[in-house]
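What follows is a short report on a single structure.
The values are calculated or read from the model by the stated rules, or taken from the named source; none is laboratory data. Since we're looking at a predicted model, the values are computed, not measured. Cβ coordinates were reconstructed from backbone atoms using ideal geometry, including for glycine residues, and neighbour counts include every protein chain displayed.
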Amino acid sequence: MVSDIDDTARLVETTVGNSDIREFVTIHDSEIGDGCKIYERTSIKKSTVSDNVDINAGSYVENATIESNVQIGPNSTVAGVTHELTEDGMTFRNDVFEPIVLREGVFLGAGTVVGPGVEVGKDAIIAAGGTVTDTVAARTVVLGSPPDQQRLRLDEWRR
C-alpha cells in the first residue's frame, strides 16, 4: 500500500505511514501508522494513531493514543483536553491535558464522545451516540450516556 494523501489535506509536524488521508483533513503534531484510513473533514491533534485504524468523516481527535484495528464512527469526538473548574469558574484558554487511550480493536459508533482521561479497553464497543467519561473494561458494550448508561459484557450482549 502506498500513501494516498489528498491535496486538500493539511499536515503539520506530522508523520504518516502508508495510509489514506481524504479531503480537508487536518493533522497537527501527530503520528499516523500504516494501513489507516482517515476520512473527510477529520481533525487530529497531538495524537498517536497505530496501524489499521479507520477514523470516519467529521471526527475530532486530540491528545489520544489509538492502538491498532480501531474504528471510529463518523462525527465522533475523542478529546483529551479539558479545563480546571474552580469556585471562580474556568480560566479562559487554560487547557488541561488528560490523555485518552483506545486499546486494540475498539469500535466507536457514530457520534460517540470520549472524554478526557478515559481508557477504553481492548475490543470494547461504544454504541452510536454514547458518551464515555470514565474507563471502559475490555470486551464491554456501552449503551447511552451517564447517568442512565448501560454497560454489558460482550458475551452477555450477544445472548
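Where in the range 1-50 are there strands (runs of 3 or more DSSP E), lying fully within it, with 2 or more residues that are under 15 Å from the mean Cα position of the chain (by Cα)?
Per the criteria, 26-28, 43-45.
Is there a residue being surrounded by 19 or more Cβ atoms within 10 Å (Cβ to Cβ), touching a residue at least 40 places away in the same chain (Cβ under 8 Å), in contact with a Ser or Thr (Cβ under 8 Å, 6 or more places away or on another chain) and under 23 Å from GLY33 (Cβ atoms) anywhere in the range 73-95?
Yes: the range 73-95 contains one or more residues that are surrounded by 19 or more Cβ atoms within 10 Å (Cβ to Cβ), touching a residue at least 40 places away in the same chain (Cβ under 8 Å), in contact with a Ser or Thr (Cβ under 8 Å, 6 or more places away or on another chain) and under 23 Å from GLY33 (Cβ atoms).
Identify, please: which residue in the range 141-159 is farther than 17 Å from THR112 by Cβ and part of a loop (DSSP other than H, G, I, E, B) and is, among those, modelled with the highest pLDDT?
Restricting to residues being farther than 17 Å from THR112 by Cβ and part of a loop (DSSP other than H, G, I, E, B), the top hit is PRO147.
Working carefully through the options VAL53, VAL25, VAL12, VAL61, find the one that is over 22 Å from LYS122 (Cα atoms) and crowded, with 22+ Cβ neighbours inside 10 Å. Even if it seems obvious, please write down each step before you answer.
Values: VAL53 fails: over 22 Å from LYS122 (Cα atoms); VAL12 fails: crowded, with 22+ Cβ neighbours inside 10 Å; VAL61 fails: over 22 Å from LYS122 (Cα atoms).
It is VAL25.
Would you mention how many residues in the range 114-125 are surrounded by fewer than 19 Cβ atoms within 10 Å (Cβ to Cβ) and either among the basic types (Lys, Arg) or within 10 Å of the chain's Cα centre (by Cα) (or both)?
Total meeting the criteria: 2.
Inspect the range 46-58 for any residue being modelled with pLDDT of 95 or more and touching a Leu at 6+ places or on another chain (Cβ under 8 Å) and give the result as yes or no. Explain how you work it out, then say what you get.
Quick first cut of the range 46-58, residues modelled with pLDDT of 95 or more only: 46-58.
From what is left, the residues that are touching a Leu at 6+ places or on another chain (Cβ under 8 Å) are none.
Within the range 46-58, not a single residue is modelled with pLDDT of 95 or more and touching a Leu at 6+ places or on another chain (Cβ under 8 Å).
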